[in-house]
Amino acid sequence: MIDGIKIECNYLSNKILNNDILNFSLSVNDKTGEVIDATQKCKYKALHFKIVPSKIHKNKLYCNIDGSLHKYFNDGLHNYNDYSFVDICQTVKDLQANFDIIPEQSILQNIEIGLNIELPISAKDFLNMLICMPSRKFTALSIDKVELGKQCKIGDKKYLKIYDKGNQSKKDLKNLLRIELKYKRMKELNTKYNIRTLADLTDHKKIENLYKLIVKAFNDVIIYENNINPENLNEAKQVQFYKYTNQHYWLNSKNYTQRNRDKKQYEAFFNKYAPQTIKKKILYSIVDKWQDLMKHKNRNCIDFPQDKKHHKKTGLYRIPTLEYRWDFLHNYPEFENLKTDKKKHPVCVVCKTDISDKKSGSKYCSKKCRNKISNKKRTQKNKNRIKKEIENLNKLKQILPDNDFYLKIYKKQIDKKDLKVNRKKQSKIKKGKKLKLQKIVKVQIFINRKPKTFTTRRAKELIKIILQLNKRTE
């Protein structure tokens, strides 16, 4: 749960120097006996004690303690076993008894939150499946000069570490994986969880939901799921598979919106073609392990809100770990990306094919289906236009004999894309060589300066009517 910490406890400076358990040392020149560095250091059971004199104020000392609480609990030997909430409380009590530490006055400067997870495969194989984060690549993680896994900076002084815990412990624990968040700044934990001092780590309510931070960070990791055989996919799906498992594709994403859209498509793809992914199994394990480690006397499960309405009315209720773990993950907005299984997959509006692998908001599976809808819309639009032109032409027949309207006649030109436009008054239109009905494609007639447009057959019919009227008046 809580492993590495660094605390500031300046109130302890003078007391701790006189502690019988600790033996402080100075950096001294062997020949002259001159003090090289006035900082006094001491290591005891995986904890490093440091007393630093102030450069400004005389006789003022600063005291820092950093190291692994987990290792300290195990007498400084290892931290590959489980470290529960009860163990944390016991560790803090031990620090109080041995070093006069006051938890409420010991300020946390950085902290590590992590879990040891048992995998169905070896940790080494799983580490080879890690590709990157959506916008950042992993770098090698070395502990005691041994490369054990990978790490990635995911925020302001915040790091996600994933490494082979079995290899580090040098035990026969090939499947033991460590997932850890390291905070070098406490701003996020101070504001969101009100965790500021060593005493806050013994407050059940403050740390019971810290696992959400691990789940959220790990859910963003892009993993090459090896339980999919690309040869069983069609060509289009193979292209998607290799795109989603390519580090350069994710690192070259332009902005957050594009990465977020691609991430949802990646989740939908693997939920469809590999529903039992190693990533899901690990997410389950994180929730189960954290709940198990948070147990204490007279408490067999952790209280969580069922939903917003239930929470407002009746408060909290209990959830058994194994039965409701997946439903529990889905009840929180932090895990929106994990809801894909329960959501209905979007389908093409034409052929009803699954289009969950397309861009968010897509309606069609292909150009063919999109063109079908476009053709229907265009056909209906043309029908409505023709109907309107016929109505206007019938009305126009009644008023043409008593008026002399202005017209624009559009004709086709041989071997030219542009239309030839003739502007004439109604009374000036006469039958002749220049007026060729078969070339007329559009006519606009201006009534009260507003044009009424007629096309193709309606345009030719209008000109025929005007020619007949003009012939009668000659």
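Contour minus end-to-end for D402 and N260, with contour as 0.36 nm per residue of separation and end-to-end as the Cα-Cα distance?
The span from D402 to N260 would gain 44.4 nm if fully extended.
Sequence-distant or interchain residues sharing an amide H contact under 5 Å with T197, placed H: which?
The list, which skips near neighbours in sequence, is L108.
Would you calculate the separation in nanometres between label points at K237 and K388, each defined as 7 Å from the Cα along the Cα-to-beta-carbon direction?
Output for this residue pair reads 4.6 nm.
Rank these for me by crowding, V347, V443, going from fewest to most other beta carbons within 10 Å.
V347, V443
Can you list residues whose amide H is under 5 Å from Y44's amide H, if they're 5+ apart or on another chain and H is modeled 1.01 Å from N?
Amide H neighbours of Y44: F49.
Quick one: 3J(HN,Hα) in Hz for segment 391-398, Karplus 6.51/-1.76/1.60 with θ = phi - 60°, rounded, Gly and Pro as x.
Those phi angles translate into 4, 5, 5, 5, 5, 5, 4, 6 Hz.
Mind listing the long-range amide H neighbours of Y62? Cut-off is under 5 Å, sequence gap 5 or more, other chains count too, H placed in the peptide plane at 1.01 Å from N.
V52, S54
How large is the helix-only mean residue ellipticity at 222 nm for the chain, computed as the sum of -39500 (n - 2.57) over DSSP H runs with n ≥ 4, divided by its residue count, in deg cm²/dmol to the nearest 500?
Helices in the chain give a 222 nm mean residue ellipticity of -11000 deg cm²/dmol.
Here are several values of P(r) over Cα pairs in 10 Å bins from 0, in percent: [x] 4, 20, 30, 27, 14, 4, 0; [y] 3, 14, 18, 15, 11, 8, 7, 7, 6, 5, 3, 1, 0, 0; [z] 4, 18, 25, 22, 16, 9, 4, 1, 0. Which one was derived from the coordinates shown?
Entry [y].
Treat each spin label as a single point 7 Å out from the Cα along the C-beta direction, and report the H204 to N226 distance in nm.
4.2 nm
Once phi is turned into θ = phi - 60°, what whole-Hz ³J(HN,Hα) does the Karplus curve with 6.51, -1.76 and 1.60 give for every residue of segment 147-152, x standing for Gly and Pro?
Computed from phi, the couplings for segment 147-152 are 6, 10, x, 9, 9, 8 Hz.
List T202, T257 from most exposed to least, where exposure is judged by having the fewest other Cβ atoms within 10 Å.
The most exposed by this proxy come first: T257, T202.
Give the calculated FRET efficiency between T139 and K31 to the nearest 0.05, with a Förster radius of 45 Å applied to their Cβ-Cβ distance.
So the FRET efficiency works out to roughly 0.60.
Residue separation times 0.36 nm, minus the C-alpha to C-alpha distance between D20 and S253: what's the value?
So the chain would gain 78.1 nm between D20 and S253.
Please go through the residue pairs K137/K243; K71/K174; K289/K358; K161/K295; K31/K145 and name each one whose alpha carbons sit more than 27 Å apart in this structure.
From K137/K243; K71/K174; K289/K358; K161/K295; K31/K145, over 27 Å: K289/K358; K31/K145.
For segment 19-27, take each phi angle, set θ = phi - 60°, evaluate the Karplus expression 6.51 cos²θ - 1.76 cosθ + 1.60, and give the result in whole Hz per residue in order, putting x for glycine and proline.
6, 5, 6, 9, 10, 7, 9, 10, 8
Report the extension gain between N128 and E147 in nm, rounded to one decimal, defined as 0.36 nm multiplied by the number of residues separating them, less their alpha carbon distance.
5.5 nm
Computed from the coordinates by the stated procedures, all read-outs in this text should not be read as laboratory data. Computed from a prediction, not measured in an experiment: that's the story for all the values here. Heads up, the Cβs are rebuilt from the backbone with ideal geometry, glycines too, and the neighbour counts pull from every protein chain shown.
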